[in-house]
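Below: one structure, written as structure tokens.
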Amino acid sequence: MIVVLKPRTPKEKIQEVIEEVVKLGYTPHPIHGELQTVVAAIGDERTHLTLESLTVLPQVERVLPVQKRYKLVSRESRGEDTIVNVDGIQIGGGYFAIMAGPCSVESEDQLIATARAVKAAGAKILRGGAYKPRTSPYEFQGLGNEGLRLLRAARKETGLKIITEVLSERDVELVSETADILQIGARNAQNFQLLIECARSKKPVLLKRGMSERIEEWLLAAEYLLVKGNPNVLLCERGIRTFETYTRNTLDLAAVAIAKRESHLPVIVDPSQGCGRADLVKVLCRGAAAMGADGLLVEVHPNPAEALSDGQQQVDFDVFRQLVHELLPFLNAAERKLV
Ligand code: PEP
Ligand code: MN
């Protein structure tokens, strides 16, 4: 960290700062300028106490961090892209995977029909919420255990891998028996106990970005998974809340580019929660592919008008087929291979 002192700070006041820096576990290197002194504090900022508290001293102007707060997720810690292996399906490092299916698992007919349709169109992974985080307690909360059973039946029938959300640390073991990927939703993006429990399960985890989560916070949440022993992490951009009303959320494609630059982890884009409008899903998928994303999470329903959740943003089978077809030139251009 760099501690910048106010101009013309007397010697004894500089000394006071140097002593505090030592007390907090850093090695101080004062640099005396003509007018101003700065103290370079050498030490591992991730594990030492922060020096920001020194700004309470009247002679301290500013404290500037030098290191990034995350380590294992950063590009510096790993030269090549991480490829997450989902029971034989590779994601990342040039391999692009499409995960598709309904927002919620609603019935056997709905799920099996959707699984068959998304498989035929080119998806390898079936999404579907058995446990749904709903804003209102009066809305459909998902089929729970029965939903998990239907997801297993769909996997048996089609061979698709399964991604489904785990809402609580209590359910991690149960959901892991069905899921090939555990989805951590936007509302749980910084539920650190849930993250730790998911890390323990060693299952691949798709970590959504929180609705008002900074990129740094998102990467630090992923750091929890890695530092607790689970390297199989997919970052997922799903839109953030802004002042805009034409869309449900603002899909932050710049965050995709930044996450790709900062981290070796694969980045998935969810255009469905990302904009909340079925009519924009196709173009946002193309944008995501062109930006260098490593996969998509798309909501598909046999009859979106009758969906029990998120009907307005789910595409039907025809649109989904077109979506995959129109995506291919963009994947080629971005040197991504559809798995
Ligand atoms: C979902 O995928 O249906 C969902 C609830 O996502 P999010 O957590 O991003 O809102
Ligand atoms: Mn949804």
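The values are calculated or read from the model by the stated rules, or taken from the named source; none is laboratory data. Just so it is clear, the model here is predicted, and its values are computed rather than measured. Heads up, the Cβs are rebuilt from the backbone with ideal geometry, glycines too, and the neighbour counts pull from every protein chain shown. Note: accessible area is taken over every heavy atom of the protein model, side chains too, but ligands, DNA and RNA are not part of it. Shrake-Rupley method; radii C 1.70, N 1.55, O 1.52, S 1.80 Å.
Below are the figures for this structure:
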quantity	calculated
Residue match in the stretch 188-199 (condition: in a helix (DSSP H, G or I) and within 16 Å of ligand 2 (Cβ to nearest atom))	yes
Flag if residue 238 is basic (Lys, Arg) and more than 14 Å from ligand 2 (Cβ to nearest atom)	no
Number of the condition not met by residue 147 [criteria: (1) farther than 24 Å from residue 211 by Cα; (2) more than 16 Å from ligand 2 (Cβ to nearest atom)]	(2)
Residue list for the stretch 1-13, filter: more than 17 Å from residue 50 (Cβ to Cβ) and surrounded by fewer than 19 Cβ atoms within 10 Å (Cβ to Cβ)	6, 7, 8, 10, 11, 12, 13
Members of the stretch 28-49 found to be in contact (Cβ under 8 Å) with a residue 24 or more places away in the chain and open to solvent by 70 Å² or more (accessible area, probe 1.4 Å), listed by number	35, 46, 49
From the options 137, 133, residue that is more than 16 Å from ligand 2 (Cβ to nearest atom), part of a loop (DSSP other than H, G, I, E, B) and closer than 23 Å to residue 166 by Cα	137
Single condition residue 263 does not satisfy, out of (1) within 16 Å of ligand 1 (Cβ to nearest atom); (2) within 22 Å of residue 188 (Cβ to Cβ)	(1)
Test: residue in the stretch 135-146 that is within 23 Å of the chain's Cα centre (by Cα), exposed (fewer than 15 other Cβ atoms within 10 Å of the Cβ) and within 13 Å of ligand 1 (Cβ to nearest atom)	yes
Filter pass, residue 281 being among the β-branched types (Val, Ile, Thr), within 25 Å of residue 104 (Cβ to Cβ) and within 16 Å of ligand 1 (Cβ to nearest atom)	yes
Complete set of residues in the stretch 31-42 that are touching a strand residue (DSSP E or B) at 6+ places or on another chain (Cβ under 8 Å) and under 18 Å from residue 58 (Cβ atoms)	36, 37, 38, 39
Residue in the stretch 171-186 that is farthest from ligand 2 (Cβ to nearest atom), counting only those that are in a strand (DSSP E or B) and either charged (D, E, K, R) or farther than 8 Å from residue 203 by Cα (or both)	184
The stretch 107-129, residues that are more than 17 Å from residue 156 (Cα to Cα) and within 13 Å of ligand 1 (Cβ to nearest atom)	129
Residues satisfying the stated conditions in the stretch 278-300, i.e. open to solvent by less than 10 Å² (accessible area, probe 1.4 Å) and either within 15 Å of ligand 2 (Cβ to nearest atom) or part of a helix (DSSP H, G or I) (or both)	281, 285, 288, 289, 296, 297, 298, 299, 300
Within the stretch 310-329, considering residues that are in a helix (DSSP H, G or I) and of a type in the set (A, V, I, L, M, F, W, C), the one farthest from residue 273 (Cα to Cα)	328
Pairs where the first residue, in the stretch 130-144, is at positive phi and the second is outside any loop (DSSP other than H, G, I, E, B), C-beta under 9 Å, 6+ apart	142/104; 142/129; 142/165
Flag for residue 159 being more than 13 Å from ligand 1 (Cβ to nearest atom), under 21 Å from residue 77 (Cβ atoms) and more than 14 Å from the chain's Cα centre (by Cα)	no
In the stretch 215-241, the residues that are open to solvent by 30 Å² or more (accessible area, probe 1.4 Å) and part of a loop (DSSP other than H, G, I, E, B)	228, 229, 231, 232, 241
The listed residue being open to solvent by less than 10 Å² (accessible area, probe 1.4 Å) and under 27 Å from residue 324 (Cβ atoms), out of 112, 163	163
The stretch 63-88 residues that are farther than 19 Å from residue 257 by Cα, paired with ones that are open to solvent by 80 Å² or more (accessible area, probe 1.4 Å) and among the acidic types (Asp, Glu) (beta carbon under 9 Å, 6 or more apart)	63/52; 65/52
The lone exception for residue 244 - which of (1) surrounded by fewer than 24 Cβ atoms within 10 Å (Cβ to Cβ); (2) outside any loop (DSSP other than H, G, I, E, B) it fails	(2)
